[in-house]
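Note sheet for the following structure.
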Amino acid sequence: MNLSLSFFLSSYFVVFLGFLALFYTGELSAPYLLISGLSIAGGAAVDWRGGKALLPSILANLAIVAIFLLTLFSIFVLKSLPIQELVHFLLALQSVKLLAPKKRRDWLQLYLLSFFSVVSASALTVDLSFAGVFIAYLFAAPWALILLNLKESVEAAGQDPQSETRLLNKSLFTLAGATGGALLVLTLFFFTLFPRFAVSLFANSWATGPAVTGFSDLLALGQVAEIQKSGAVAMRVRLEPPGAAAKLHYWRGIALDLFDGQKWRKSKSDGTWLRRFGDRYQLGDQMEPNGPHVRQNIILEPSGSAALFVLETPVALFGRLGNLQRDSLGNLRAAYPFPFPISYDVLSQTTAVRTEPVPGGSFLQLPDVNPRIIELAEQATEGVQDPLEKARSLERFLRGKYRYALDGLPVDVEDPLSTFLFETQQGNCEYFASALAVMLRIVGIPARVVNGYLGGEWNPYGEYFLVRQSDAHSWVEAHVPGAGWTTFDPTPPAPARSRKRPLSPVTQLFDYLQMRWYRYIVNFTVADQQDLISALGRPKRWIDFNLRGVSWDGFRPWKEVAGSPWITAGGILAAGALAWSLSTLIKNRTPLVHRPSQAATERYRRFLSLLKKKGISKGIAETPDEFSRRVGEKQRDLAEELTSLYQKARFSSANPPEILTRMDWILAELRKSRP
Amino acid sequence: VKRIRELLALFLHPYRRLYLTGPGWIFSAIAVSMGLIALNTGHNLFHLIFGFLLSTVIVSGLLSERVLRGIQVRRHFPSDVTARLTFPVIVEIKNPHPRKTVYAVGVSDAGDFFSRRLLGEIPSLRPGESRSLSYFARAERRGLYRFGAVHLSTRFPFGFFEKVRVVPLEDSLIAYPAEREVAELPASLAGRERPGVRKQRSGEEFLGLRPARSGDDHRLIHWRTSARAGQWMVKEFVEELKQPRPLFFDSRGTPGEHFERLIESVASLLRLLTAKGMSLTFATWEKYLGRIESPEEIKTALRHLALMAPGAEGSGTGFETWRNDAHREGGGVFVEGELPPPAPLPACDVVRL
């Protein structure tokens, strides 16, 4: 491959990576995707053939001006999102530049556009896909710049880059690879050490995340079912102590107390701002010093909701989350929905009684309830006096008599609860929870509906729970005298066919990497920096602490696969081949110096080693000529000729390539012959 | 103190220089902006990209240093240079490293007598490989000239920075006075059979042996002694040579074009007479140069003329020695300078050039 072709391919790859980075953000509309894709393909085809550019320079300049004006119009008149318009502007500009004639400056501009595309993508997504593109960019962009620089140098020397093939050798590839590796290491080094401030001067309020959940102050029946159909990741949670993982967990999000027959909402907005001490938020509740507790490290995906999810009774929260509120229902929420994944730690007491005061009648409030429901509630609790037992009876009643379903839900009907209880008799968690809350209130027990997530999937690689949107759940908290707010879940288990399929080991591994990416790159904080600095004095302790989440359990399925005799045999063969290649490479490693004397000496050494294997060793005081005469009769002629050639190359200005070729031939002959 | 002075000199005149290229300015602006954006937003992916830009600067510095470090530079130029005659200069660049390949090196050279010029670009220099770049130079006037440092520059690897390694090659040359046509020669200096012409030496009495000099007849080599001594030895004979013709240049005057022309004329006269085979001695006010016969002796005289400033009467022993020679020889040649000849002069031809 010549220099020109290599430069051309590398440059288009860099441009493509910029496009790919934007593609993964999901912000590109179909027309832009099509235009950009076509322009990359069209530009590449024209440049490959060396034909005339599709767009003359004048037209290209006019198009750039038009694109700029259109972008301004779109932002200031049509009030489009600036970041989206910026992305479109970059892509349109790139398309024009690709189709126009290209000189050195144009290539540099294309690299610049590609870089801006990567920067824009970093503002729009924090997905692991960005990490992939970024690492590829980190290797590809320097390589393209190196080639551009070499191409210029070749042209300045009056040579033709199209006929230059000598430059692209192992040495350059090694150098480029090492450059990429060094860039990666140094990037991580600077990333880690660059100072961060506890508070950003400007928040990322211009970026928005996908609004997928129903975790707001208003929940219409049937809404959670829509969420449950999504398999998207909601959050990842690591628990301490790890033994806590054995239990089924209710990740509490938003509790609602006011029901109008169709929707649940909060009766009032009474949130108070939490006091903050550095990264620690005081939740007001005092923790029992020796009481059971669980610490959760939660990485929450952006969802368009400001709700924070916690387990049981939270006593303290740690993180860089700005201002947080807590209301009388125990709901925790941020000031605004986070556009990026956030990480926070929560310390919860597991047996604590929720001591929030019972606020008047809102927990006993009932809409215009169908009398049949009242009758049903009374029937289900007939003869039971104890409030806790009453609640359990109602929970059992609903669990036993009704079926779980995500389809055919009574949505858009006048009285969805009655339809659920008396007609369809099947529904999802929100119908069950609403029915229980209403029936509890009918029998005089204060109750509220809570929305959050239930359980999650255990990731054995990172030892954390992967909670997906399909884990969204509604349940009930009832205020039972003596026990405080107690959790009741009337929803029966979902039938086997509607249960989500578990993630494959590959997906789990990928998710684990994603979790690490979120934790250590996207959510890297000042506290992490402080940890790193303090770790300088005690590295072992730091490594043990930070690798505590890494588990080999996840690799067990792989071990089973590797246990197959065929795979094992293949692995051993591959390892052997690799070892042999490496040893050959090291053994035959000759200096790159093109000095005939050195090359001849190297061959003479091989000759000596060959004869030594055949039992003829050269004495220390023996001259090469004396030694060659001592070699056995059959090989003597060859040995003498090789010695003579060696001396010629070493001590005279004889023609080296011919000598070296002849020496190689003699060595091959000597290998074949027997002493 | 000496060490501190050396370090200070190195700091003030570093052997490495760094310049931002056009794309480099844009790159720097982007890097600074990215840093500010990362600080302001606290967005970690911006920090990551900023880290990438910073590491690009570091890697760029390391790789450009890798390219420039260790390259050997030599400058070759003729030993005899005459003013107003172009002469070739060859700059040889060698990569002595056994493994490292050097990429995209630009070479430039400068001197007292020409401004810095880019000699060319070397796209790659493989291990052990050397490349020569040549150019023509010309000194307009006689005198001592110094070459400047050779600059090796590279924009490798990314083209954002241009790093220059200053290779301080302490080369200098003496440009002999330019050639000038000497129109009229005095009668005493014209023709081969005039006094001062060398005689044949064959058949004369053997005097001794001496180390050979450039221009000696190889037939006079004494082989046995040469083999024993490890250097060429030649036989010397007693010669009945007449004393060489003593020539004096009155170097008094003031610096300027007229004085330069005089010097050039005297140098041309010396070249002309020695080319004709005449034996001369040469003197100026400052210095008595003795016999001017062999090429080395001619070079010595030309070097003296190349570096000469206007002299003053009695500023050296040159005139006295020449006067004694002229008395002994029974005549000499006095080349008149800007001022009238001093009195009294011995019996000699006074030449005005």
### Under Karplus coefficients 6.51, -1.76 and 1.60, residue-wise ³J(HN,Hα) of the range A:147-162 in Hz, glycine/proline x
5, 4, 5, 5, 4, 4, 5, 5, 5, 5, 7, x, 9, 9, x, 6
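Which whole number gives the average count of other chain Cβ atoms within 10 Å of the Cβ atoms across peptide A:171-182? Could you put the intermediate results ahead of the total?
Numbers: counts 7, 3, 0, 2, 7, 1, 0, 2, 7, 1, 1, 5.
Whole-number average of other-chain Cβ neighbours for A:171-182 is 3.
Give me the Kirkwood hydrodynamic radius of the range A:429-527 in Å, from all C-alpha pairs, to one decimal place?
Values: mean 1/r = 0.0619 Å⁻¹.
Roughly 16.2 Å, rounded to one decimal.
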### Query
Got a sec to turn the phi values of the range B:71-86 into Karplus ³J(HN,Hα) couplings, 6.51 cos²θ - 1.76 cosθ + 1.60 with θ = phi - 60°, whole Hz, x for Gly and Pro?
5, 9, 10, 9, 10, 10, 8, x, 6, 10, 10, 10, 4, 6, 10, 5
### Message
Using the basic label-point model (7 angstrom from Cα toward the beta carbon), what is the B:GLU65 to A:PHE68 distance in nanometres?
### Response
4.1
### Message
If I fit a long axis through the Cα atoms of helix B:295-307 and take the longest principal axis of the Cα atoms of chain B, what angle between them do I get, 0 to 90°, rounded to 10?
### Response
70
### Query
For the range A:514-528, what does the Karplus curve 6.51 cos²θ - 1.76 cosθ + 1.60, with θ = phi - 60°, yield as ³J(HN,Hα) per residue in whole Hz, taken in order and with x for Gly and Pro?
4, 4, 5, 4, 4, 6, 9, 10, 5, 10, 5, 10, 4, 4, 5
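Taking the highest mean first, how do the peptides A:398-405, A:234-241 order by number of other beta carbon atoms within 10 angstrom per residue?
Values: A:398-405: 16.1, A:234-241: 21.0.
Going from most to least packed, we get A:234-241, A:398-405.
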### Among B:ALA139, B:ALA227, B:ALA38, residue whose mean-square fluctuation peaks in a GNM of chain B (springs only between Cα atoms under 10 Å)
B:ALA227
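Evaluate the range B:223-353: find the radius of gyration of its Cα atoms, find its Kirkwood radius, and give the ratio Rg to Rh. Walk me through the intermediate numbers first.
Values: Rg = 16.8 Å, Rh = 15.8 Å.
Taking Rh as the inverse mean 1/r over Cα pairs, Rg/Rh reads 1.06.
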### Query
So how much slack lies between B:VAL1 and B:THR225, counting 0.36 nm per residue of separation and subtracting their Cα-Cα distance, in nm?
75.3 nm
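Can you compute the FRET efficiency between B:LEU20 and A:VAL506 using 1/(1 + (r/R0)^6), with r the Cβ-Cβ distance and R0 = 51 Å? Round to the nearest 0.05.
E(calc), rounded to 0.05, equals 0.60.
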### Message
Please enumerate, by chain and number, the lysines with C-alpha under 27 Å from the C-alpha of A:LYS247, excluding those fewer than 8 residues away in the same chain.
### Response
A:LYS229, A:LYS390, A:LYS401, A:LYS500
### Query
What residues have an amide H closer than 5 Å to that of B:SER124, excluding those fewer than 5 places away on the same chain, when H is modeled at 1.01 Å from N in the peptide plane?
B:ALA104
## Note on the structure
Surpassing 23 Å at the alpha-carbon level, of the pairs A:LYS103/B:LYS94; A:LYS613/B:LYS100; B:LYS100/B:LYS163; A:LYS613/A:LYS634, are A:LYS103/B:LYS94; A:LYS613/B:LYS100
### Query
In peptide A:665-672, what is the residue-averaged number of other protein chain Cβ atoms found within 10 Å of each Cβ?
0
### Summary
The extension gain from B:ASP80 to B:GLU236, computed as 0.36 nm times the residue separation minus the Cα-Cα distance, is 53.2 nm
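Helix-derived [θ] at 222 nm for chain A: sum -39500 (n - 2.57) over DSSP H runs of at least 4, divide by residue count, nearest 500?
Numbers: 20 runs with 322 residues, N = 675.
So the helix-based figure for chain A works out to -16000 deg cm²/dmol.
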### Query
For A:TYR281, which sequence-distant residues (separation of 5 or more, or a different chain) have an amide H within less than 5 Å of its own amide H, given hydrogens modelled in the peptide plane?
A:LEU317, A:PHE318, A:GLY319
#### Entry: Of all DSSP beta bridges in the protein assembly as shown, antiparallel share, percent nearest 5
85
### Query
How many percent of all Cα-Cα pairs in the range A:1-69 sit more than 20 Å apart?
42
### Query
Given a 1.4 Å probe and the protein chains all in place, what does the accessible area of B:SER33 round to, in Å² to the nearest 10?
60
### Message
Just to check, using Stokes-Einstein with a Kirkwood Rh over alpha carbon pairs, what's the diffusion coefficient of the range A:26-155 at 4 °C and 1.567 mPa s in µm²/s?
### Response
81
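Using a Förster distance of 41 angstrom, determine the FRET efficiency expected from the C-beta separation of A:ILE75 and A:GLN425, and round it to 0.05. Don't jump to the answer; show the numbers that get you there.
On the way: r = 54 Å, r/R0 = 1.31.
That pair, A:ILE75 with A:GLN425, gives E of 0.15.
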### Query
Label points 7 Å out from Cα along the Cβ direction at A:TRP665 and A:LYS613: separation in nm?
2.2
### Message
Suppose a student asked you for the relative contact order of the range A:413-508, using Cα pairs under 8 Å spaced at least 6 residues apart; what percent would you report?
### Response
25
### In degrees, nearest ten, helix A:371-380 long axis to first principal axis of chain A (Cα)
80
## Note on the structure
Which residues qualify? For A:ASP217, with a placed amide H closer than 5 Å and at least 5 residues away or on another chain, they are none
### Query
Over chain A, what percent of the accessible surface lies on carbon and sulfur atoms, probe 1.4 Å?
61
### Query
Once you wrap a convex hull around the alpha carbon atoms of the protein assembly as shown, what is its projected area averaged over all directions, in nm²?
69.0
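Carbon and sulfur: what percent of the range B:262-352's accessible surface (1.4 Å probe)? Kindly include the intermediate steps, with their values, before the conclusion.
On the way: 1960 of 3700 Å².
With neighbouring chains kept in place, the figure for the range B:262-352 is 53 percent.
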### Query
Given labels modelled 7 Å from the Cα in the Cβ direction, how far is it in nm from A:ARG276 to B:SER115?
6.1
### Query
Chain pair A, B: how much accessible area is buried, both chains summed, with a 1.4 Å probe, in Å² to 100?
4600
### Message
So, for the range B:1-153, what is the accessible surface per residue at a probe of 1.4 Å, expressed in square angstrom?
### Response
48
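In the range A:89-184, how does Rg compare with the Kirkwood Rh, expressed as the Rg/Rh ratio over alpha carbon atoms? Can you show the working numbers first?
Numbers: Rg = 15.6 Å, Rh = 15.2 Å.
That ratio equals 1.03.
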### Query
Can you give the accessible area per residue of chain A, in Å², using a 1.4 Å probe?
49
### Message
Suppose we take every Cα in chain B and form the convex hull; what volume per residue is that in Å³?
### Response
231
### Query
For helix A:633-651, what angle does its Cα long axis make with the longest principal axis of chain A, in degrees from 0 to 90 and rounded to 10?
80
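With a cut-off of 8 Å between alpha carbons and a minimum separation of six or more residues, what is the relative contact order of chain B in percent?
Details: 671 pairs, mean separation 49.0, N = 353.
Contact order relative to length: 14 percent.
Mind ranking A:407-414, B:168-175 by how tightly packed they are, going by the mean number of other C-beta atoms within 10 angstrom, highest first?
B:168-175, A:407-414
What's the magnitude of the charge dipole for the range B:54-129 around its Cα centre, counting Lys and Arg as +1 and Asp and Glu as -1 at the beta-carbon? Answer in Debye, nearest 20.
Values: 11 positive and 7 negative charges, 45 e Å.
Using Cβ point charges on Lys, Arg, Asp and Glu, the range B:54-129 gives about 220 debye.
Mind checking B:101-108 for the average number of partner chain beta-carbons within 10 Å of each residue's beta-carbon? Could the numbers behind the result be given before it?
Values: counts 8, 0, 8, 10, 1, 3, 0, 0.
Mean partner-chain Cβ count within 10 Å for B:101-108: 4.
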### Reachable lysines, given that their alpha-carbon falls under 20 Å from the alpha-carbon of B:LYS287 and they are not under 8 places away in the same chain
B:LYS299
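What FRET efficiency comes out for A:THR350 versus A:GLN385 if R0 is 30 angstrom and r is the Cβ-Cβ distance? Round to the nearest 0.05.
Details: r = 29 Å, r/R0 = 0.97.
For A:THR350 and A:GLN385, the calculated efficiency is 0.55.
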### Summary
Checking rank on A:31-38, A:516-523, with mean other Cβ inside 10 Å and highest first, the result is A:516-523, A:31-38
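The values are calculated or read from the model by the stated rules, or taken from the named source; none is laboratory data. Since this is a predicted model, take the numbers as computed values, not measurements. With ideal geometry, Cβ positions are generated from the backbone for all residues, glycine too; neighbour counts draw on all protein chains shown. Ligands, DNA and RNA are excluded from the accessible area calculation, which covers all protein heavy atoms including side chains. Shrake-Rupley method; radii C 1.70, N 1.55, O 1.52, S 1.80 Å.
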